[in-house]
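A short write-up of the structure that comes next.
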Amino acid sequence: MMYGWGNSDMAWWFGAHWLTMLLGAVVIVLPFWKIFAKAGFSGWFSLLMLVPMINLIVLYVLAFVDWPALRRAGKSATA
């Protein structure tokens, strides 16, 4: 007998896959949300960390740009 998409075992694996992907996205986005917020940027930028190659560009921009939070505090970003 052939098993198709209607098989409950296949549906369970499909659901587990997407649940794992969602959990992984949350694990990635939450810390970066806090980092962006503390740096003075919108936390929504953390969603860019889910896009391949864009996440590397965002990390480099975050590392080398003057942070708005430091500008408001009157501190220099160069150490």
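Before moving on, here are some points about what is shown:
- Scanning region 40-60 for residues being of a type outside the set (A, V, I, L, M) and part of a helix (DSSP H, G or I) gives a total of 6.
- When each of Ala79, Ala63, Ala37, Ala69 is tested for being in a helix (DSSP H, G or I), exposed (fewer than 12 other Cβ atoms within 10 Å of the Cβ), out of contact with any Cys (no Cβ under 6 Å at 6 or more places or on another chain) and at pLDDT below 95, the lone residue that passes is Ala63.
- Scan of region 40-58 for residues that are more than 11 Å from the chain's Cα centre (by Cα) and surrounded by 13 or more Cβ atoms within 10 Å (Cβ to Cβ), ordered by number: Gly40, Phe41
- Residue check, Leu30 of a type in the set (A, V, I, L, M), touching a helix residue (DSSP H, G or I) at 6+ places or on another chain (Cβ under 9 Å), in a helix (DSSP H, G or I) and open to solvent by 100 Å² or more (accessible area, probe 1.4 Å): yes
- Filter pass, Met49 being at positive phi and of a type in the set (A, V, I, L, M): no
The values are calculated or read from the model by the stated rules, or taken from the named source; none is laboratory data. This one's a predicted model, so the numbers in the text were calculated from it and none came from an experiment. Cβ coordinates were reconstructed from backbone atoms using ideal geometry, including for glycine residues, and neighbour counts include every protein chain displayed. We work out accessible area using only protein heavy atoms, side chains counted, and drop any ligands, DNA or RNA first. Shrake-Rupley method; radii C 1.70, N 1.55, O 1.52, S 1.80 Å.
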